[in-house]
Amino acid sequence: MQITSLRIDLKYLTMFPFDSAKKLSFSRCISDGDLVIVYEKHDNMKAVKVSESGILQNRFGVFKHSDWIGKPFGSKVFSNKGGFVYLLAPTAELWTLVLSHRTQILYVADISFVVMYLEIVPGCLVLESGTGSGSLTTSLARAIAPNGHVYTFDFHEQRADSARDDFERTGLSSLVTVGVRDIQGEGFPDEFLGRADSVFLDLPQPWLAIPSVSKMLKQDGVMCSFSPCIEQVQRSCETLRSDFTDIKTFEVLLHTYEVREGNLWSWQDNEGGSMSLKSCKKRQRSTNGLENASSLTIMAKRNGESRGHTGYLTFARLKCTV
Amino acid sequence: MQITSLRIDLKYLTMFPFDSAKKLSFSRCISDGDLVIVYEKHDNMKAVKVSESGILQNRFGVFKHSDWIGKPFGSKVFSNKGGFVYLLAPTAELWTLVLSHRTQILYVADISFVVMYLEIVPGCLVLESGTGSGSLTTSLARAIAPNGHVYTFDFHEQRADSARDDFERTGLSSLVTVGVRDIQGEGFPDEFLGRADSVFLDLPQPWLAIPSVSKMLKQDGVMCSFSPCIEQVQRSCETLRSDFTDIKTFEVLLHTYEVREGNLWSWQDNEGGSMSLKSCKKRQRSTNGLENASSLTIMAKRNGESRGHTGYLTFARLKCTV
Amino acid sequence: MSIIKTEENSNQDQNPRITWEGCSVLLDINDGDRVLFARLTTGSKIKIGNKNCSLQSLIGCPFGSSFQVEDGKEGPVLSRVLQSTEGTNLQIMEESRDNRRLVDNNSAQSLTGEDIDEMRRKGASGDEIVKALIANSATFEKKTAFSQEKYLLKKQKKYAPRVLLRRPFARSICEAYFKKHAEKIGFLRVDTLSLLLSFANVSAYSDVLVVDMLDGIITGAVAERLGGTGYVCNTHCGVAPYPINIVRMFNFNNDICQRIVHSSVSELHSSENGPSPSTDPLEDACNIRSQPNEQILSPSAQHAVSMEENEDGNMEIMTDVSASPKVVKGTKAGRKAPVEAIKIWKANGFSSLIIAAPNLDAWDTVKEVLPLLSYSASFAIYHQYLQPLATCMHNLQVEKMAIGLQISEPWLREYQVLPSRTHPLMQMSATGGYILSGTRISGSDQTQAK
Amino acid sequence: MSIIKTEENSNQDQNPRITWEGCSVLLDINDGDRVLFARLTTGSKIKIGNKNCSLQSLIGCPFGSSFQVEDGKEGPVLSRVLQSTEGTNLQIMEESRDNRRLVDNNSAQSLTGEDIDEMRRKGASGDEIVKALIANSATFEKKTAFSQEKYLLKKQKKYAPRVLLRRPFARSICEAYFKKHAEKIGFLRVDTLSLLLSFANVSAYSDVLVVDMLDGIITGAVAERLGGTGYVCNTHCGVAPYPINIVRMFNFNNDICQRIVHSSVSELHSSENGPSPSTDPLEDACNIRSQPNEQILSPSAQHAVSMEENEDGNMEIMTDVSASPKVVKGTKAGRKAPVEAIKIWKANGFSSLIIAAPNLDAWDTVKEVLPLLSYSASFAIYHQYLQPLATCMHNLQVEKMAIGLQISEPWLREYQVLPSRTHPLMQMSATGGYILSGTRISGSDQTQAK
């Protein structure tokens, strides 16, 4: 029985393992050179490269990297002032949060759906344009690992450069190649003719790139175009109808909930009648939630403001003509 | 102090009272000639005109109308076989359910929003086209009662006739006038020039009727156009921009929940591990729900299939030019 | 098709479309950036930017008209802007250029702050300043139509703010609160409010029982629908009625105000038919004068405070109460329910019920007040949380108190509809809360096996 | 930009795009009206209309190709239809006519049932029948383009049904189940499944612990992402593992099947490091052969029954197991976890956790299995109901077992995008359930005042 994949390796950590020698074991401890996600709160995280002499300073005080080395990922570490943060191993989802500082927190819904709907599995060759912040690219790379490849293109040289730096940082360089190219104008490079399993477009005028996409895809291969406006979708679908089938447009959203523990007043408890709405916020909290849980109610409430729209996702499958 | 509005009147019941002489008192009893809603289940209701000699036959048996007369609305009445139904006073919402046999059950969300967003209050003059099933018309009439009026127009003579019959039946004839007219082609009649407080359009090409709407509305009056397709909305908004301001497009939906009482199994209770998903449906039910309520959990679950789209609602306000 | 003239006359009274001295208005500054409630009196003023503008010029204007700040002889005044019927100045064209090469550069403006101050001193209007800014922008012409529009709007809001005069309706009041102080109305969204009125079958001549712990938004919306017929009775558990400050913001005439009453739940339940001590006519009269007035006066001070706190664009209350004593006297909504009415309600029951009490347990409340309804009456209960309504629905089913029970969750999304740029708004309110609705039925008096 | 040739070769193995004898396929009949899972063997057949068609002709065809029923020498066969690249036959034009005057009249067809039978006897193809029906329709020409299209589609489905050959992927399998037998996969929608995989950070070389009581849909989707690396270990409480029939529908090669294992939670928790009696290699080997096979064989009989029950268009399972014994032997997914692997998991912990157990209490389950994860590992719990996840989230917070906790509710809506007829689909699935996600943290060993 082959269990090489369970071997423990001490090379520096990549965001996710993609060859058996780099197999991640989570019991592994933080080493010099590792990328860690410093977690303060759900909406406050930061990516930090660990170095023997490094320090991290935030509102909780000063943290010495040397204190972190040797601790397992998932540990709580303390500052000189006794404040603490958690040190997490990076994931594509945490990386998205770090990249975007919460503004893109719901983007995970689109990303997840795209990866599954494009039928991306290990070994796939995937084309993407534009690269943007590289947030989707990271998830594409996770899905094609260990032996597939993502070729991603951006019009802006500068943006491509920073994405390339990021993939270097997260250790994904061998899975992702970043190119600078005007895909709307020039299409994808000819070297990918008939070789792409899936293609993803996030372009202002996706219909200009669709003829090239149909040349790059393998038969029955799937493409996806992400557009914020319905006119872009209408025009893309029109163009898609000649070479593609199974054309479907979706909108994906995610609502999140807060959880609160508390009791609602009974009619009689509220004799005064003058209770203001403000007082509803300071609900009585048990000191030990678990023991009293039966007497108190735990209630979930939708978070009020949420992302009402990100974009439309249009999928299409290249017709089988052979 | 004037309390005439509380007088009890024994004239036949209209769907809602709109002059003080017809004030509905719910303690009133069912009389010969009344329209009642026979309620079997949430999704099975029927409107019946009570007559001394009438009978109602359904799967529960035979019900004699004469047994109903003199009972208060909201009573449970029994058939020859001991089966029962409830007799309810008609409301605009029940009427919508009766009209459409549940297919339009969520339409209440659009109707409610339209009435409020059109700023319809008692005394308003409202124009509508088309009349359709008269489901919205009934709610418009409720909102303008007791002293306003709804003028509704439909292209189909037959449809207008049945709507007129329905308003006769529900006793709303003095609040609603139904006309036959091609509003897209001819616009609203000149007699309403500058006199409408609000206008509602449900037409395939609403942009054709908008110039007429702007002539009918009082300054600052509000119009609404309901369209299923975004292209209709795009074209309407384009037309609206010349004479209207405050142009807003919405989509309104309603999700409903089922409530179940039950316990989820704990990991250990489920030793067998072979539990099938089917058994999850026959949850244990307490014989006396209230007494055992604390030990059982009541859980709400979204109804699975729901109306994903009815139409877009576009509102606009006539510019003040004087 | 004939027209009944009397309808329109009465309509004019109930539904006035021109402001008058003492009327309540909603002022929408810069397309919703700031929303104010104000009472139009000769003395009332609002602050826009750094200018205190008199509201006197708004008296007698049609609702829906727009105003701009101009310098009058006696200080800044609001001057009416007639809306053109030719659309916005800037024609929004379908965008053929894409903005991949667009470089955002705000340093291309050659007009300095001093230049602008100078223009102002010389009496330039806001519009003139905006035009000068465009003329002196090195990049404006190179921007896409979309960016030009954005730039124009931004400058116009800063240098030539618009004030839109809106009618205070349940719609506009609810929207203004939801946008700026949602917590004060229990996060009740306008579509949810509209559904409560529908599900509870609120119609003319209804006697509507409400448990309104949302500062009067429910009471006001119901009264608006009643139009001076029927009653809206705000019931409460203890001795003091719940505050209904928001009712003041509606332009209710005397007829309507008369129909807004309160009564404790114990009074409504009591078996005595004669006037109880608490419903003594004298004391009642006294209540009308003192206690509701107190409600009216005290919160305005509070609001004034909150106004100071939220200078940068929140909803504000501008009510110069002392300046218009007659007006306040006019809006004496919220008196104690008349004894005769209570007597009839006890005999016949209420025809509708709406409960909106975010801090109360729904079942605990409904089991107290539902018996006050007549059979076949509709009810609707609002709550921000799902679970209390689920429990309540279950108990109502088990107790066989109601049928047609349904928990609904409203969903609302606004769209941007512009050529080549149509999409749902990126931000939406995810929660409109939940509504439990149903119909009260008569107890299972003749229970028979089916 | 250079291309690594070896990648593509390995890709070919893992991700084949042409069917082979014994492979599992998803047959989509008439654009989703009916969906079947089938294993392609020389003997396997499906019934379309009243015809039993052999599936042999599908072997060696590319996934994505379409077929029509044709009469061959030895009975009806499925014959490949090459898709044109010129769009549908019928050009959908922007509709200028409105359909206000449209009269629906189905009696305008002059072709009788006998005529059609006669045509068939003479060997007319389905397409020819459809063409004849159009030619003999008195109203077809008068219909709007929209109505013409609808008519055409209806007739084509009846007389010339299309069979689309789809690859069985987590996407297509989940969609087919959700559409036809949602209750069998706990109403798990495809977007929710995709989120579970993301939130749990499933990636190559992960060791993923699952509690999969959805007949293997989770296990299969995870194995698909692992691509023959790492492990997916389905844990259970009692002695028998949970059934994972759905895993059979994926075309997993041996490498991948090897990585799908099960182990009881007590084995994973036990402190002994040596082989426990239950992990004895001999018994283990026996388990591999007997018990998972039983899982594979028994349900197909069940499914065959449900197929009979649902003649009119439900999802069906067509697996001629006896005809291809080698194939069944090939898909021996779901053996007992190897002792060495368990040993390492005990030492290092799992790297991901997904729980999908609709009938279990979430907190009760998670408190048992969360300690099996390594620190910093991600987890995701699916439930149809919100309340159990709310309680679970609260308890995880109180016990300080995890951070980054979030309850998410996915929302998905499909659109019809057609010229002049673009709108969201009228029907949508309102509930994709709820997901509680988070990251396990190390116990607060060095608790210090902050």
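Please count how many residues of segment D:127-180 are in contact (Cβ under 8 Å) with a residue 60 or more places away in the chain and surrounded by fewer than 16 Cβ atoms within 10 Å (Cβ to Cβ).
1
Condition (residue is at pLDDT 75 or above, within 11 Å of chain D (Cβ to nearest Cβ) and crowded, with 22+ Cβ neighbours inside 10 Å) applied to segment A:8-29: is it met by at least one residue?
Checking segment A:8-29: not a single residue is at pLDDT 75 or above, within 11 Å of chain D (Cβ to nearest Cβ) and crowded, with 22+ Cβ neighbours inside 10 Å.
If we keep just the residues of segment D:239-264 that are in a loop (DSSP other than H, G, I, E, B) and in contact (Cβ under 8 Å) with a residue 60 or more places away in the chain, which is farthest from the chain's Cα centre (by Cα)?
Across segment D:239-264, the extreme among qualifying residues is D:Pro241.
Looking at this structure, is C:Leu196 within 11 Å of another protein chain (Cβ to nearest Cβ), touching a residue at least 60 places away in the same chain (Cβ under 8 Å) and touching a strand residue (DSSP E or B) at 6+ places or on another chain (Cβ under 7 Å)?
Taking the combined requirement at face value, the residue satisfies it.
Evaluate segment A:126-133: report whether one residue or more is facing another protein chain (nearest Cβ under 8 Å), closer than 20 Å to D:Leu197 by Cβ and either part of a helix (DSSP H, G or I) or in contact with a Ser or Thr (Cβ under 6 Å, 6 or more places away or on another chain) (or both).
No, there is no match, as no residue in segment A:126-133 is facing another protein chain (nearest Cβ under 8 Å), closer than 20 Å to D:Leu197 by Cβ and either part of a helix (DSSP H, G or I) or in contact with a Ser or Thr (Cβ under 6 Å, 6 or more places away or on another chain) (or both).
For C:Gln109, work out the one condition from (1) under 27 Å from the mean Cα position of the chain (by Cα); (2) farther than 27 Å from C:Asp28 by Cα it doesn't fulfil.
Checking C:Gln109 against (1) under 27 Å from the mean Cα position of the chain (by Cα); (2) farther than 27 Å from C:Asp28 by Cα, the one that fails is (1).
A:Gly123 - would you say it is part of a loop (DSSP other than H, G, I, E, B), of a type in the set (Gly, Ala, Ser) and in contact (Cβ under 8 Å) with a residue 40 or more places away in the chain?
Spelling it out, it is not the case that A:Gly123 is part of a loop (DSSP other than H, G, I, E, B), of a type in the set (Gly, Ala, Ser) and in contact (Cβ under 8 Å) with a residue 40 or more places away in the chain.
Given the criteria of a type outside the set (S, T, N, Q), part of a loop (DSSP other than H, G, I, E, B) and at pLDDT 95 or above, does D:Val208 qualify?
So D:Val208 fails the test.
Step by step: first the residues of segment C:417-442, then only those that are more than 7 Å from chain A (Cβ to nearest Cβ) and either charged (D, E, K, R) or in contact with a Cys (Cβ under 7 Å, 6 or more places away or on another chain) (or both), then the one that is farthest from A:Glu231 (Cα to Cα). Which residue is that?
This residue is C:Arg440.
Out of the residues in segment A:203-252 that are at the interface with chain D (Cβ under 7 Å from one of its Cβ atoms), touching a helix residue (DSSP H, G or I) at 6+ places or on another chain (Cβ under 6 Å) and not polar (S, T, N, Q), state the one that is farthest from D:Tyr415 (Cα to Cα).
Among those that are at the interface with chain D (Cβ under 7 Å from one of its Cβ atoms), touching a helix residue (DSSP H, G or I) at 6+ places or on another chain (Cβ under 6 Å) and not polar (S, T, N, Q), it is A:Asp243.
For residues that are part of a loop (DSSP other than H, G, I, E, B) and touching a helix residue (DSSP H, G or I) at 6+ places or on another chain (Cβ under 9 Å), tally how many sit in segment B:35-78.
So the answer is 7.
Which condition from (1) in contact with a Cys (Cβ under 7 Å, 6 or more places away or on another chain); (2) at pLDDT below 95 is the one that B:Val114 breaks?
Of everything listed in (1) in contact with a Cys (Cβ under 7 Å, 6 or more places away or on another chain); (2) at pLDDT below 95, B:Val114 misses just condition (2).
Within segment A:112-149, can you find the residues that are of a type outside the set (Gly, Ala, Ser) and more than 14 Å from A:Met223 (Cα to Cα)?
Correct list: A:Val121, A:Pro122, A:Thr131, A:Leu136, A:Thr137, A:Thr138, A:Arg142, A:Ile144, A:Pro146, A:Asn147, A:His149.
Only one residue in B:Ala92, B:Ala143 is touching a residue at least 60 places away in the same chain (Cβ under 8 Å), surrounded by 24 or more Cβ atoms within 10 Å (Cβ to Cβ) and either out of contact with any strand residue (DSSP E or B) (no Cβ under 6 Å at 6 or more places or on another chain) or away from chain C (no Cβ under 12 Å) (or both). Which one?
B:Ala92
For D:Thr235, are the conditions met, namely being more than 18 Å from the chain's Cα centre (by Cα) and either more than 30 Å from D:Gly404 (Cα to Cα) or surrounded by 24 or more Cβ atoms within 10 Å (Cβ to Cβ) (or both)?
Answer is yes for this residue.
Quickly run through segment B:127-138 and pick out the residues that are modelled with pLDDT of 95 or more and surrounded by fewer than 24 Cβ atoms within 10 Å (Cβ to Cβ).
none
May I ask you to verify whether B:Leu264 is under 28 Å from D:Gln427 (Cα atoms), within 12 Å of chain D (Cβ to nearest Cβ) and either at pLDDT below 85 or buried (at least 22 other Cβ atoms within 10 Å of the Cβ) (or both)?
Answer is no for this residue.
Within segment B:300-322, track down each residue that is facing another protein chain (nearest Cβ under 7 Å) and among the small types (Gly, Ala, Ser).
Correct list: B:Ala300, B:Gly304, B:Ser306, B:Gly308.
Output the number of residues of segment D:22-44 satisfying the condition of being in a loop (DSSP other than H, G, I, E, B), more than 15 Å from the chain's Cα centre (by Cα) and more than 14 Å from D:Phe252 (Cα to Cα).
Result for segment D:22-44: 8.
Determine whether segment D:190-202 contains at least one residue that is charged (D, E, K, R), under 11 Å from the mean Cα position of the chain (by Cα) and crowded, with 23+ Cβ neighbours inside 10 Å.
no
Check B:Asp166 against each of (1) in contact with a Gly (Cβ under 7 Å, 6 or more places away or on another chain); (2) surrounded by 24 or more Cβ atoms within 10 Å (Cβ to Cβ) and name the one condition it does not meet.
In the conditions (1) in contact with a Gly (Cβ under 7 Å, 6 or more places away or on another chain); (2) surrounded by 24 or more Cβ atoms within 10 Å (Cβ to Cβ), B:Asp166 misses (2) alone.
The values are calculated or read from the model by the stated rules, or taken from the named source; none is laboratory data. Since this is a predicted model, take the numbers as computed values, not measurements. Neighbour counts are summed over all protein chains in view; Cβ atoms, including those assigned to glycine, are modelled from backbone coordinates with ideal geometry.
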